[in-house]
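A.B. asks: Take a look at this one; I'll ask things after.
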Amino acid sequence: MNIQLESWEHMALEQIPQFLAGSGVPWVSQARQSAFERYMAHGLPTRREEEWKYTDVAQIGKRSSFAPDSIPADPSSEAALFAWTLAQQHPHLMVFVNGYYSDGFSAIGELPDGARLQSLSELLDSSAELSPELFDAAHEHTVFGALNTALATDGAVLHLAPGTELKDPVYLLFIASGHGAAIYPRNLIIAGAGARATVIEHYFGMLDAHHFTDAITQIELAADADLQHCKLLQEGNASIHVAGIHAVQAARSRFGSQSFALGSRLARNDITSRLTGPDGHCSLDGLYLLDGKQHVDHHTRIDHLAPSCTSREYYRGILDGESHGVFNGKVIVHPAAAKTDAHQSNRNLLLSRQAEVDTKPQLEIFADDVKCTHGATVGQLDDDSLFYLRSRGVDAESARSLLLYGFANDIIGRVGEPGMRTRIQHLVLDRLPQGEQIKELL
Amino acid sequence: MLSIKNLHAGIHGKEILRGIDLGVRSGEVHAIMGPNGSGKSTLAQLLAGRDGYEVTAGSVRYLDQDLLAMPAEARARAGLFLAFQYPVEIPGVSNALFLKAALNSIRKQQGLDELDAMDLLQLMRDKMKLLGMDELLLPRAVNEGFSGGEKKRNEVLQMAVLEPKLAILDETDSGLDIDALKIVADGVNGMRHPQRAIVLVTHYQRLLEFIVPDVVHVLSQGRIVRSGAAELARELEQHGYGWVEEQKAA
Ligand SMILES: Nc1ncnc2c1ncn2[C@@H]1O[C@H](COP(=O)(O)OP(=O)(O)OP(=O)(O)O)[C@@H](O)[C@H]1O
Ligand SMILES: [Mg+2]
């Protein structure tokens, strides 16, 4: 371990907690310290660990410091303009810059009775109502969760009382600003019985900024609650992004997760759900669109712990250049989970010889009377489809783009929020040859 | 308009078309009949520009151009259209987007302005109504989950929207119910025009009662073994393809 690393680690234990949220609250400081010790004891994961076999995070270790900014940064003018545009479209917007809540750019708006949306720092500083177990929760197969607990600066907390319904989505914009920042967002969504909401997490960064994001979102769904979560990763092509989205679902609840990975140099998303009550439903969807030297890894895990739950998982990837995609999808049907109905699929298109994908759907069944299917494919664009389009006058390049768009759109179409759907469709088309022309036809 | 001379072609070293001669003039409707595997679809797909066929002899001229030298999209833009025997599904691309992309690329080639979204939508709706198609098929992905008959009608819709100069319909009547057959036939008849030629590939005399062809050809083992007027189709219906072979032998 080099000297610099030790010095920031020293800082992390001594000084950093003093400028982080909840510094005046003993249990928060205690939780941060023990989390940091967990991180130190383990260190960064290596490829010798099964869960990190295909994703090398050694380059993260080359950073001289993992410490978050001590004072909030300003967003670039482009990011500021984007935040402003979003505020015109979305009535509940929270903006974070390098992990710090920005009151000025946010517009939380009018919320119905029973809904509370606030920043985590506000909650931690007041030490009100947040249970220590939630903040200190240790998440499976990633030491980055511990690092996040130790260093989390801020995040969004959405609390819905039973029966509360949000008509408009909560839009969380995480802007990465400047070079080299280490960013630790921590979000919490707690939906009471029968509550319904949609939450969007949008990670936005400049093209060539080298920042490191380690984000955690925890989601708790009480009985009959319905939460749709859409994450859009649009950070710059030099950034590193590691994130966990972890849901716990009670009976009859519905959880939908969509993960769109379009930008970043190296990204790892761990998305998990625990179906703890009967008749719950969980739907995990994802799309990764990669080129250059991008590396994106999705690890998902669904635990069926109660009977008669259903889960659906659709992940797709389009890989060009020398990019590398990883999909590892675990579905575990525990002994108590009779009558489980689970389906999982991962499909990939490789557009170049150097692009590579490792796909590993994993089904572990310990219960009887279950219906589980899974499958994975890696292939190229279909010649028959290309010919069909060309036979209608569409040039070969546009035909390819249309087919790729269609392949992606099957996943994008699963996003419920129309504004978000269009935004992602446009981002995908921006990456495809002749995409501009196709956009005009939508 | 179309002139095929002594065309020999095959795939993976297997010869499928073994000396086709066929001339089609503007305003004409031709029917091509023939047993399964005789090469009808191969001929149609080859004309539309599908890659992968080896042309070993012969030539195809279309509107005074060397058709075989043109890529598929150029043929479409020059007014050639093929209604597929097995229409292809394009997941994630709506029927509306597909039609717009096709029509605009063809119009651009012809030096026409791209149609704006409203005009396009109106055009598509009008044509769908003529073909008795449900408008709900517009936002759906191309052919995905369409019934067999819906797929065939969708091919005819594309033809109606793109207004080709030479339309080849490969078994568009197969799989249509009697009412749908009548509607599709009306649609095709409505497109008969002195400047347009239509080639119907079919197994059934019934279609040819609705769309009366000027010439009927019998394709067998990669060759046109007989051509005649509309009555030929009726005789074939009665006697079968063996009869043509017997007559030839006699
Ligand atoms: N890609 C291919 N590879 C190998 N053989 C092929 C290929 N395409 C066509 N053939 C063969 O060429 C012959 C002619 O096929 P084609 O589809 O043209 O027949 P068709 O006259 O359209 O028949 P049908 O009436 O059944 O539609 C068949 O024997 C078929 O198996
Ligand atoms: Mg055929």
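The values are calculated or read from the model by the stated rules, or taken from the named source; none is laboratory data. The model shown is predicted, which means the values in this text are computed figures rather than measured ones. Glycine gets a Cβ as well: all are built from the backbone with ideal geometry, and neighbour counts include every protein chain shown. Calculation scope for accessible area: heavy atoms of the full protein, side chains included, ligands and nucleic acids excluded. Shrake-Rupley method; radii C 1.70, N 1.55, O 1.52, S 1.80 Å.
A.B. asks: How big is the shadow of the Cα convex hull of the stretch A:330-399, averaged over all directions, in nm²? Spell out each step's value before the answer.
C.D. replies: On the way: hull surface 26.3 nm².
That works out to 6.6 nm², a quarter of the Cα hull's surface.
A.B. asks: Oh, and also: Could you give the nm distance between label points at B:ARG125 and B:ILE178, where each point is 7 Å from its Cα heading toward the beta carbon?
C.D. replies: Each label point is offset 7 Å from its Cα along the Cβ direction, giving 3.4 nm.
A.B. asks: Another question about this same structure. Rank these residues by their accessible area, most exposed first, probe 1.4 Å: A:ARG353, B:ARG226, B:ARG206.
C.D. replies: A:ARG353, B:ARG206, B:ARG226
A.B. asks: Between B:LEU82 and residues 5 or more places away or on another chain, which pairs have amide H atoms under 5 Å apart, with H built 1.01 Å from N, and which residues are they?
C.D. replies: Hits under the 5 Å cutoff: B:ILE168.
A.B. asks: Sticking with this structure for a sec: Which value, in Å to one decimal place, does the Kirkwood hydrodynamic radius take for the stretch B:91-224 when every pair of different Cα atoms is included?
C.D. replies: Details: mean 1/r = 0.0629 Å⁻¹.
Roughly 15.9 Å, rounded to one decimal.
A.B. asks: How much mean residue ellipticity at 222 nm does the protein assembly as shown get from its helices, if each DSSP H run of length 4 or more adds -39500 (n - 2.57) and you divide by all residues, to the nearest 500 deg cm²/dmol?
C.D. replies: Computed ellipticity for the protein assembly as shown at 222 nm equals -9000 deg cm²/dmol.
A.B. asks: Now, a different point. The stretch B:34-72: which residues show an accessible-area loss of 50 Å² or more, assembly versus chain alone, 1.4 Å probe?
C.D. replies: Buried by 50 Å² or more upon assembly, which counts only protein chains, are B:ARG50.
A.B. asks: With just the Cα atoms defining each centre, how far is the stretch A:217-258 from the stretch B:62-100? Give it in Å.
C.D. replies: For the stretch A:217-258 versus the stretch B:62-100, the Cα centre distance is 43 Å.
A.B. asks: Could I ask something else about it? Once the mean 1/r over all distinct Cα pairs of the stretch A:6-276 is inverted, what Kirkwood radius in angstroms do you read off?
C.D. replies: 18.6
A.B. asks: Taking amide hydrogens as modeled 1.01 Å from N in the peptide plane, which residues meet the under 5 Å criterion relative to A:SER311, leaving out close sequence neighbours?
C.D. replies: A:CYS282, A:ASP341, A:ALA342, A:HIS343
A.B. asks: Roughly what percent of Cα-Cα pairs across the stretch A:298-365 reach past 18 Å?
C.D. replies: For the stretch A:298-365, the share of Cα pairs beyond 18 Å comes to 43 percent.
A.B. asks: What longest region of chain A stays clear of GluC sites (Glu not before Pro) that DSSP places outside H, G, I, E and B and that have at most 15 other Cβ atoms within 10 Å?
C.D. replies: For GluC sites (Glu not before Pro) (loop position, at most 15 other Cβ atoms within 10 Å), the longest site-free span of chain A is A:141-442.
A.B. asks: Let me ask something additional. Using the heavy atoms of the protein chains and a 1.4 angstrom probe, tell me the accessible area per residue for the protein assembly as shown in square angstrom. Mind dumping the intermediate values first?
C.D. replies: Values: 27580 Å² over 692 residues.
Accessible area per residue, the protein assembly as shown: 40 Å².
A.B. asks: Would you tell me the accessible area of B:ASP51, worked out with a 1.4 angstrom probe on the heavy atoms of the protein chains, in Å² to the nearest 10?
C.D. replies: Near enough 110 Å² of accessible area.
A.B. asks: Next up: Chains B and A: how much accessible area gets covered up at their contact, both sides added, probe 1.4 Å, in Å² to the nearest hundred?
C.D. replies: 2300
A.B. asks: Give, as ranges by residue number, the residues of the stretch A:238-282 whose backbone N falls under 18 Å from the point 7 Å along Cα→Cβ of A:ASP341.
C.D. replies: From the stretch A:238-282, the list is A:251-256, A:275-282.
A.B. asks: While we're looking at this one, here's another question. Are there any trypsin sites (Lys or Arg not before Pro) in the stretch A:32-73 that are in a DSSP loop and have at most 14 other Cβ atoms within 10 Å? List them by number.
C.D. replies: Details: sites: A:ARG32, A:ARG38, A:ARG47, A:ARG48, A:LYS53, A:LYS62, A:ARG63; in loops: A:ARG47, A:ARG48, A:LYS53, A:LYS62, A:ARG63.
Passing both the DSSP loop test and the Cβ count: A:ARG47, A:ARG48, A:LYS62.
A.B. asks: Once fully extended, how much extra length lies between B:GLN109 and B:ARG206, figured as 0.36 nm per residue of separation less the alpha-carbon to alpha-carbon distance?
C.D. replies: Gain on extension, B:GLN109 to B:ARG206, equals 31.2 nm.
A.B. asks: To continue, here is another question. Rounded to the nearest 0.05, what FRET efficiency do A:SER23 and A:LEU363 have when you use their Cβ-Cβ distance and R0 = 45 Å?
C.D. replies: The formula returns an efficiency of 0.50 here.
A.B. asks: Roughly speaking, to the nearest percent, how much of the protein assembly as shown's 1.4 Å accessible area is carbon and sulfur?
C.D. replies: Working: 13670 of 27580 Å².
Looking at the protein assembly as shown in its full context, I get 50 percent from C and S.
A.B. asks: Still on this structure: Report the accessible area of B:THR56, computed with a 1.4 Å probe over the heavy atoms of all protein chains in place, in Å² rounded to the nearest 10.
C.D. replies: So the heavy atoms of B:THR56 present about 100 Å² to solvent.
A.B. asks: Relative to the present Cα-Cα distance, how much length would full extension add between A:HIS10 and A:GLU122 at 0.36 nm per residue of separation?
C.D. replies: 37.7 nm
A.B. asks: May I pose another question? How large is the Rg to Rh ratio of the stretch B:148-250 when both quantities use alpha carbon positions and Rh follows Kirkwood?
C.D. replies: 0.99
A.B. asks: Which whole-Hz couplings ³J(HN,Hα) result when phi for each residue of the stretch B:93-106 is put into the Karplus expression 6.51 cos²θ - 1.76 cosθ + 1.60, θ = phi - 60°, listed in order with x for Gly and Pro?
C.D. replies: 10, 5, 3, 5, 4, 4, 5, 5, 4, 5, 4, 5, 6, 6
A.B. asks: Filter chain A for me: DSSP H helices, axial length by Cα at least 27 angstrom, mean Kyte-Doolittle hydropathy not below -0.5. List them by residue number.
C.D. replies: Numbers: long enough: none.
Long hydrophobic helices here: none detected.
A.B. asks: Quick check: pseudo-label points 7 Å beyond the Cα along Cα→Cβ at A:LYS62 and A:TRP84, how many nm apart are they?
C.D. replies: Label-label distance for A:LYS62 and A:TRP84, simple model: 3.7 nm.
A.B. asks: Follow-up question, since we're still on this one. Note the angle between two axes, namely the Cα long axis of helix B:117-130 and the longest principal axis of the Cα atoms of chain B, as a number of degrees from 0 to 90, rounded to the nearest 10.
C.D. replies: Its long axis makes an angle of about 50 degrees.
A.B. asks: A further question follows. Please give every one of the lysines within straight-line cross-link reach of A:LYS339, meaning a C-alpha to C-alpha distance under 28 Å, and leave out same-chain neighbours fewer than 8 residues apart.
C.D. replies: Within the straight-line limit of under 28 Å, A:LYS339 reaches these lysines: A:LYS330, A:LYS360, A:LYS371.
A.B. asks: Same structure again: Straight-line reach only, C-alpha to C-alpha below 23 angstrom: list the lysines that B:LYS165 could link to, leaving out same-chain residues fewer than 8 apart.
C.D. replies: B:LYS5, B:LYS40, B:LYS100, B:LYS108, B:LYS127, B:LYS129, B:LYS151, B:LYS152, B:LYS182
A.B. asks: Hey, another quick one. Over the protein assembly as shown, consider all pairs of different Cα atoms and compute the Kirkwood hydrodynamic radius from their mean reciprocal separation; express it in Å, one decimal.
C.D. replies: 28.4 Å is the Kirkwood radius here.
A.B. asks: Which translational diffusion coefficient, to the nearest whole µm²/s, is obtained for chain B from the Stokes-Einstein equation, given a Kirkwood hydrodynamic radius over C-alpha pairs, 4 °C and 1.567 mPa s? Walk me through the intermediate numbers first.
C.D. replies: Details: Rh = 18.7 Å.
Stokes-Einstein gives a translational diffusion coefficient of 69 µm²/s.
A.B. asks: So, one more: Under a 5 Å amide H to amide H cut-off, with H placed in plane at 1.01 Å, what residues pair with A:SER273 once short-range neighbours are removed?
C.D. replies: HN-HN under 5 Å from A:SER273: A:ALA247, A:ARG301, A:ILE302, A:ASP303.
A.B. asks: Ignoring everything but the protein chains, give the 1.4 Å probe accessible area of B:ILE183 in square angstrom, nearest 10.
C.D. replies: 50
A.B. asks: Follow-up question, since we're still on this one. Looking at the square roots a ≥ b ≥ c of the eigenvalues of the Cα gyration tensor of the stretch A:382-442, which shape do they give, rounded for a/c under 1.5, prolate if a/b is larger than b/c, or oblate?
C.D. replies: prolate
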